[in-house]
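Novice: One structure, pasted below without further comment.
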Amino acid sequence: MKKWLITLVPVMLAGCSTYNQFVERMHTDTLQYKCDDKPLTVNLNNERQQVSFVYDDKVLHLDQGLSASGARYTDGIYVFWSKGDSATVYHRDRVVLDNCQLQNPQR
């Protein structure tokens, strides 16, 4: 009985991890932007109120912040700001990706 239980516990834990990853992907939307002829793929997780994307060969995870209009996400260094179908990315208050237009927006 103990051998069976020792074998079953790791299998059950692996199943929980796989389930959690599946649920995480269910709550994440992938948004495709075209920024001044450069593509930008943004993963938006509404449940965590977070976006993630790759910029300058770094994976950035930005948390939702305060915004008078639109949606603003920041880590204190980078800012992703979207409003409607457009977005802008800032690095230390300097625009690094501008004129980002959402491709194939869902209405």
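Novice: Does R94 fit the bill of being more than 14 Å from Y33 (Cβ to Cβ), at pLDDT 95 or above and among the charged types (D, E, K, R)?
Specialist: Yes: the conditions hold for R94.
Novice: Can you report the number of residues in region 23-74 which are free of Cβ contacts under 8 Å to residues at least 24 places away in the same chain, among the acidic types (D, E) and under 18 Å from C100 (Cβ atoms)?
Specialist: 3
Novice: For region 47-69, indicate whether the set of residues that are loosely packed, with under 12 Cβ neighbours inside 10 Å and of a type in the set (S, T, N, Q) is non-empty.
Specialist: For region 47-69, residues loosely packed, with under 12 Cβ neighbours inside 10 Å and of a type in the set (S, T, N, Q): present.
The values are calculated or read from the model by the stated rules, or taken from the named source; none is laboratory data. Quantities reported herein were computed from a predicted structural model and do not represent experimental measurements. Glycine also receives a Cβ, built like all others from the backbone with ideal geometry; neighbour counts cover every protein chain displayed.
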